[in-house]
Amino acid sequence: MEEGLLKKYEEEDCPGCKVEQLKRSNTGIPVKPVLFISVVTLCASLPISSLFPFLYFMVRDFHIAEREEDISYYAGYLGSSFMLGRALTSILWGIIADRYGRKPVVVIGTITVLIFNALFGLSTNYWMAIVTRFLIGSLCGIIGTMRAYASEICRKEYHALGISAVSTSWGIGLVIGPAIGGYLAQPAEKYPSIFSKESFFGRFPYFLPCLLISVIALAATVMSCWLPETLHKHNKIKKDKNNFQDAVEGTPDESNGLNMSQNTNHSERIAPSSQKSLLKNWPLVSSIIVYCVFQLHDIAYLEIFSLWAVSPRTLGGLSFTTSDVGQVLTITGLGLLLFQLLVYPLVERITGPVMISRIGAVLSIPLLASYPYIALLTGFGLSIALNCASMLKNILSVSITTGLLIMQNRAVSQEQRGAANGISMSSMSLFKTIGPAAGGSLLSWSQQRQDADILPGDQLVFFVLNAIELLGLLLTLRPFLQEPEDSDNIPKSKHNSLDQENGMQERLVLTELP
């Protein structure tokens, strides 16, 4: 009887059920879905950081700043316009993903990057650049949606792999994005033998890096068309199920076990969780708060690291060139990729997402405290120490982030997952608008107090970063951070075995049917 009803439900045109069938039949590593997730996420992350190497020169060429000192002021607004757009619309895109599906949001996002990032590279004035960047941020709801999608397209034992693919691709995009912008911007000046000043790329010196990213977005758009939809659409199924229950309840046969009290208890148990307020879901809210604290730390660290590395030795920096910084970030990204794909899923399976986040925060504190002493090294020793420290720091940061994202997805049911990730993205974006400005101001202030008796120079910067890291660590402890209830720990009497594997609330009715 159960198999017949289950087959009936899954034969309906429900894309989510088709994915569940596919997951049950394919127990191996989901290579193709993870590859698609990685490419689409990379497409969304590249526009964020690719402009920073040439942002100063782009604003200068717009001639909007009356003085040279004002260029950074206008550049700051241009750089933050993306995050502002994303903060305003992330919740909306999450709601749309929950109502109409993950795939439409992903396709719209990749097309947005394809069109508006190219237009950004063709900007002829400051306000055109502001508008196009804002539109990229506000119309691209990929990241929050992909977090939900990654946990739905993979079997539960591969949830960590799917989420880590999102985090890793995001991190790699933030690493190679500046390389694309730095090496391909102003090609007529850097590669005069290939591009002349009278050529198209000479007249639009910042279009080439944007064009390359748009080409990647085109590939992601094609790939996203092949993505299977994971959202369940059970309107007809629920109607058939209710009719079947009404028919059974109308019979006098008590042996079916479907009396009124049983149905009342059952309806309470399978009430759609979408009726519950997300803001009253403390496991979700607490994990988002902790996530935002660590994201504030991470974005401030990235801003400070780049500025600290290129600062002169007299100010406590490393006197690196932009190429040196790019090389460090490239090595860091490669190490991060290998760790997330090969090591993180195994570690998370052993320790759990909360514990791995705590371990990452604990190890990050002494690591950050060592940075001022790394600056005392020179030559090959400095290169080895800095590359190892940078790689380890980013591995720990992404491990923390991935663990918290797993918690967020496990804290809500599928019909709320898009909205929950939208809230997470909006909150994180607001924090990320603060981090770069605060980090740059903190570094500037610390460099003015090289001879201070307490925490001189860059020691102050990394002390403040560690203070934020310590705050995040404390928030991962009880009673603040509450772990979501794992469906594997729920007694079997409350769940059908299929629900334990797939988490489909609609199938709970099977436990009550004869």
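The values are calculated or read from the model by the stated rules, or taken from the named source; none is laboratory data. For clarity, every value in this text was computed on a predicted model and none was experimentally measured. Note: accessible area is taken over every heavy atom of the protein model, side chains too, but ligands, DNA and RNA are not part of it. Shrake-Rupley method; radii C 1.70, N 1.55, O 1.52, S 1.80 Å.
Quick notes on this structure:
- Links that overshoot a 20 Å alpha carbon limit, given the list Lys233/Lys280; Lys156/Lys280; Lys32/Lys103; Lys23/Lys156; Lys18/Lys233; Lys103/Lys233: Lys233/Lys280; Lys156/Lys280
- Solvent-accessible area per residue, Å², over the range 107-167 with all protein chains present [probe radius 1.4 Å]: 27 Å²
- Theoretical gain in end-to-end length, Glu415 to Ala219 [0.36 nm per residue, Cα-Cα removed]: 67.7 nm
- Evaluated at q = 0.14, 0.24, 0.26 Å⁻¹, the base-10 log of the normalised Debye intensity for the range 398-460, with identical point scatterers placed on the Cα atoms, takes the values -0.61, -0.96, -1.03.
- Computed lengthening from Leu455 to Ile350, 0.36 nm per intervening residue step minus Cα-Cα distance: 33.9 nm
- Coupling constants for the range 135-150 follow from the phi torsions by the Karplus curve (6.51 cos²θ - 1.76 cosθ + 1.60, θ = phi - 60°), and in residue order they are 5, 4, x, 7, 9, 9, x, 6, 4, x, 5, 5, 4, 5, 4, 4 Hz; glycine and proline get x.
- The range 317-408 - Debye-derived log10 I(q)/I(0), Cα point model, q = 0.21, 0.22, 0.24 Å⁻¹: -1.01, -1.07, -1.18
- Average projection area in nm² (convex hull over Cα atoms of the range 112-213, one quarter of hull surface): 7.5 nm²
- Here the accessible area of the range 146-213 is 67 percent carbon and sulfur, with a 1.4 angstrom probe and all protein chains present.
- Whole-number D in µm² s⁻¹ for the range 101-150, Kirkwood Cα-pair radius fed into Stokes-Einstein, 20 °C, 1.002 mPa s: 189 µm²/s
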